[in-house]
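Novice: The following block contains the structure, expressed as structure tokens.
Values quoted throughout were computed directly from the atomic coordinates according to the rules given, and no laboratory measurement underlies them. The shown structure was predicted, so the numbers you read here are calculated from the model rather than taken from an experiment. Here the Cβ is made from the backbone with ideal geometry for all residues, glycine too, and neighbour counts use every protein chain on show.
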Amino acid sequence: MTELISNFFSGQWQTGSGTGTSLTDPVLGTELVRVDASGLDLAAGFAFAREQGGAALRALNYRERAAMLAAAVKVLQANRDAYYDIATANSGTVKNESAVDIDGAIFTLGNYAKLGETLGDRHFMLDGEAARLGKDPLFQSQHVMVPTRGVALFINAFNFPAWGLWEKAAPALLSGVPVIVKPATTTAWLTQRMVKDVVDAGIFPPGALSVICGSSAGLMDALQAFDVVSFTGSAETAAVIRSHPAVAQRFVRVNIEADSVNSALLLPDAAPGTEAFDLLVKEVAREMTVKSGQKCTAIRRIFVPETSFDAAAQAISARLAKTTVGNPRNEAVRMGALVNRAQLNSVRAGLDYLKQQAHTLHDGATHKLVDADPAIACCVGPTLLGVRDADSADRVHDTEVFGPVATLLPYRDTAHALALVRRGQGSLVASLYGSDLASLGVTALELANSHGRVHVISPDVGQLHTGHGNVMPQSLHGGPGRAGGGEELGGLRALGFYHRRSAVQASTAVLSTLQPPQAA
Ligand code: NAP
């Protein structure tokens with residue numbers, strides 16, 4: 001039997017009482033470790049985090065908590081190789097793909113350590129200036145932001161076991177709010193190992209950081225009024241979370257990051273042969289193949305002017321054809337596996353569903369697997385689909401196939417393109433490609449109300465932009481509508497979710513005691 005990995009809960013390592021669920025290598029099919037959360041006393045563990053962890057964190061100021069994040073960065077950096085090994089085995093990803101998750105996590109945590117330092121020795125934040133409430137300036141209203149007196153429960157998706165933990169934990173812990181993370185079962189090992197390394201290093205106070213690996217049963221029931229829950233995953237599970245009594249009746253604050261049918265849009269000026277056209281081709285091929293397309297931000301729909309459709313189809317297909325797929329341990333491989341057989345089946349079913357309204361421009365089935373047995377390995381080549389009539393096809397606009405799959409669609413003019421992009425009903429990100437700066441700016445604003453992020457690629461930033469799908473801690477992550485309506489990151493904005501805003505109405509003299517001390 002493989003190792004049954006522990007949960008860290010109520011300030012101690014505890015194994016579940018059941019035999020557990022096996023985590024497997026999606027390329028070799030071997031069993032790796034088991035996870036189990038049955039038998040945990042959830043009420044006691046949530047209370048321990050809420051009371052002990054919360055009180056200890058709130059006793060510290062932002063600068064002290066930021067120093068803890070910086071210490072955690074050092075621990076994670078020191079153990080980086082082990083994380084890569086786990087990702088290769090459990091997620092089936094090549095080094096570059098694992099980096100998005102692992103190094104992305106460490107970078108994000110480091111970024112919040114630096115941001116936290118700027119908040120100084122305070123225990124709360126002021127929100128704006130004091131406002132006079134009447135004629136007399138003596139009585140005023142000052143908004144303050146104070147850490148919520150509850151826990152932050154994270155229910156995470158399988159595709160980012162490292163980044164999904166730290167992009168949420170960094171702003172929560174910096175805010176003074178204890179964290180309980182429940183990673184997706186399939187890839188829980190990496191999350192557990194990172195938490196273990198940080199816990200073993202004794203950086204955070206008892207109760208500040210807990211991890212539960214295994215079933216989600218009972219977690220939502222354990223939430224109370226001042227707790228918050230941040231969910232990342234499919235739209236179906238998101239609906240369950242949103243309608244849970246904790247949210248619907250006890251008004252627990254919730255953030256949802258769900259799936260999204262993201263777009264790339266080639267502007268009319270960017271004809272084949274231009275730099276902007278080439279930049280789109282490169283970015284689409286990269287987005288489709290990194291982590292085998294298992295990124296919530298990956299490009300799913302590519303919109304190009306009608307006259308550029310054939311050239312774009314050819315150029316993207318040519319790039320995809322060069323992608324070597326297979327065992328991530330083989331140096332020649334650029335794209336590893338999907339996370340498990342269920343995902344492989346889901347991608348195959350999704351492709352069949354889309355193909356009823358689309359034709360195949362590049363067929364992933366033509367990719368021979370390198371160093372992997374097709375009967376066992378959950379690998380699949382990248383597939384580019386095409387739809388000639390973008391108006392009549394509906395499936396492409398509302399189906400997220402969570403794999404290396406995207407669809408090329410033609411548009412007539414800019415108004416048509418914008419209408420088609422909006423049929424995604426709200427997405428995490430859209431990227432624009434062109435050289436006409438004014439058009440790029442106007443189009444970005446047109447799409448801003450239906451996207452959490454608009455990534456604009458003009459030739460001057462061709463070599464330095466951060467990537468359509470890469471989530472940077474400085475920028476907002478989340479999207480309206482079907483993307484879940486959530487907001488994460490965006491620098492210090494992320495702290496808002498973990499704080500409560502309150503208006504203190506008092507005399508100017510009382511309010512002056514809330515002001516930060518003047519620098520000498
Ligand atoms: P999922 O099946 O919805 O699972 C997400 C998490 O919810 C897992 O931890 C899962 O636990 C848990 N869960 C399942 N049923 C639950 C319930 N009834 N109550 C509470 N928790 C429950 O999603 P996934 O397959 O892991 O992730 C893929 C999806 O996530 C894709 O659609 C992708 O677009 C989306 N995603 C979005 C973002 C974003 O930031 N917007 C980022 C990454 C992924 P178990 O694993 O134990 O079932």
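Novice: With θ taken as phi - 60° and the coefficients 6.51, -1.76 and 1.60, list the Karplus ³J(HN,Hα) couplings across region 259-271 in order, rounded to whole Hz; mark glycine and proline as x.
Specialist: Along region 259-271, the couplings run 7, 7, 9, 6, 10, 10, 10, 8, 6, x, 6, 8, 6 Hz.
Novice: What full-extension length gain, to one decimal in nm, is calculated for Lys368 and Ala201 as 0.36 nm per residue of separation minus the Cα-Cα distance?
Specialist: 55.7 nm
Novice: How long is region 268-351 along each principal axis, judged by its Cα atoms, biggest number first, in Å?
Specialist: So the three principal-axis extents are 42, 29, 20 Å.
Novice: May I pose another question? Pop the C-beta distance of Gln314 and Gln77 into the FRET formula with R0 = 45 Å and round what comes out to the nearest 0.05.
Specialist: So the FRET efficiency works out to roughly 0.55.
Novice: Now, a different point. Report, to the nearest 10°, how far helix 163-175 tilts away from the longest principal axis of the Cα atoms in the chain, using its own Cα long axis and a range of 0 to 90°.
Specialist: Relative to the chain, helix 163-175 is tipped by roughly 20 degrees.
Novice: Grab the alpha carbons of the chain, take their convex hull, and tell me the volume per residue in Å³.
Specialist: Once divided by residue count, the hull of the chain is 167 Å³.
Novice: Ok, one more. Please go through the residue pairs Lys95/Lys355; Lys74/Lys168; Lys95/Lys368 and name each one whose alpha carbons sit more than 22 Å apart in this structure.
Specialist: Exceeds cut-off: Lys95/Lys355.
Novice: In addition: Positive end of the dipole of the chain, charges at C-beta (+1 Lys, Arg; -1 Asp, Glu), about the Cα centre: which of Val304, Gln249, Val456 has its Cα farthest in that direction?
Specialist: Farthest towards the positive end: Gln249.
Novice: Give me the distance in nm between label points sitting 7 Å out from Cα along the Cα-to-Cβ direction at Ala321 and Ala217, one decimal.
Specialist: In this crude label model, Ala321 to Ala217 measures out at 5.2 nm.
Novice: May I pose another question? Quickly estimate the mean residue ellipticity at 222 nm for the chain, helices only: each DSSP H run with n ≥ 4 gives -39500 (n - 2.57), and the total goes over all residues, rounded to 500.
Specialist: Rounded to the nearest 500, the figure is -10500 deg cm²/dmol.
Novice: Please list, ordered by chain and number, the residues whose modelled amide H lies under 5 Å from the amide H of Val181; skip anything fewer than 5 residues away on the same chain.
Specialist: HN-HN under 5 Å from Val181: Phe154, Ser210, Val211, Ile212.
Novice: To the nearest 10 degrees, how steeply does helix 188-200 sit against the main Cα axis of the chain, on a 0 to 90 scale?
Specialist: That works out to roughly 30 degrees.
Novice: Antiparallel versus total DSSP beta bridges in the chain: what percent is that, nearest 5?
Specialist: The antiparallel fraction comes to roughly 40 percent.
Novice: Given a Förster distance of 56 Å, report the FRET efficiency between Ala375 and Ala47 from their Cβ-Cβ distance, rounded to the nearest 0.05.
Specialist: Rounded to the nearest 0.05, the efficiency is 0.70.
Novice: Another question about this same structure. Report, by chain and number, residues whose modeled amide H sits under 5 Å from the one on Val228, excluding near sequence neighbours (fewer than 5 apart, same chain).
Specialist: Val151, Ala152, Leu153
Novice: I'd like to compare 70-76, 99-105: which one has the highest average count of other Cβ atoms within 10 Å, and what's the full order after that?
Specialist: Most protected by this proxy first, the peptides run 99-105, 70-76.
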